[in-house]
Every structure is written in structure tokens, then in C-alpha cells.
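Asks: The structure follows.
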Amino acid sequence: MTTTDVNVFKTYMCLICGYIYDEAAGVPDEGIKPGTLWEDVPMNWTCPECGARKEDFEMVQV
């Protein structure tokens, strides 16, 4: 397996409360399967911790 065969998942942090969305983990309790890329998360999804909108998240390296 080469590095091009491996998906590189990213993490996104809520700027309001600090909740981390991890693409590799998803949010199964919210109906978002593990491996769901950020761009595939529905626009009307909100932070499960504080209710912030998707636009209130920023990509971070963890």
C-alpha cells in the first residue's frame, strides 16, 4: 500500500465551544458515518455540543 492509497482524514473544531469533528470517526449518533468527509456533512448539521452551524468550524491539525 502506498501513501496515495490511504485516506487522509481531517479534523474540524467548533470555534464556539471547541468540539472536534473527526472525519475518520464521524458522528454516528447524529447519523454521520465514520469516514464522512467534511464537505459531505449536510449544510444544516449543527454542533452536537452547542448548536453552532457548520460555518462556525475551522480545520485544525490534531
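Asks: What fraction, in whole percent, of alpha-carbon pairs in the chain exceed 14 Å separation?
Replies: The share of Cα pairs beyond 14 Å in the chain comes to 54 percent.
Asks: Here's something else I'd like to know. Keeping all protein chains in the complex and leaving out DNA, RNA and ligands, what accessible area do you get for residue 9 with a 1.4 Å probe, in Å² to the nearest 10?
Replies: Surface accessible to solvent at residue 9 totals approximately 80 Å².
Asks: To the nearest 20 Debye, how big is the dipole of the chain about its Cα centre, given +1 on the beta carbon of each Lys and Arg and -1 on that of each Asp and Glu?
Replies: Charge dipole of the chain: 0 debye, to the nearest 20.
Asks: Still on this structure, please answer the following. Rank these by accessible area, largest first, 1.4 Å probe: 13, 43.
Replies: Final ranking, largest accessible area leading: 43, 13.
Asks: Pick from 23, 39, 49: which residue has the top mean-square fluctuation in a GNM of the chain where Cα pairs under 10 Å get a spring?
Replies: 39
Asks: Add +1 for every Lys or Arg and -1 for every Asp or Glu among the other residues with Cβ under 15 Å from the Cβ of residue 36, and state the total.
Replies: After counting each charged neighbour, the total is -3.
Asks: Another one. Relative contact order, percent, of the chain when contacts are C-alpha pairs under 8 Å separated by at least 6 residues?
Replies: So the answer I get is 36 percent.
Asks: Using the heavy atoms of the protein chains and a 1.4 angstrom probe, tell me the accessible area per residue for the chain in square angstrom.
Replies: 72 Å²
Asks: Within the accessible area of the chain, what % is carbon and sulfur when the probe is 1.4 Å and the other protein chains stay in place?
Replies: Summing carbon and sulfur atoms, their accessible area is 51 percent of the total for the chain.
The values are calculated or read from the model by the stated rules, or taken from the named source; none is laboratory data. Quantities reported herein were computed from a predicted structural model and do not represent experimental measurements. With ideal geometry, Cβ positions are generated from the backbone for all residues, glycine too; neighbour counts draw on all protein chains shown. All accessible areas refer to the heavy atoms of the entire protein, side chains included, with ligands and DNA or RNA removed. Shrake-Rupley method; radii C 1.70, N 1.55, O 1.52, S 1.80 Å.
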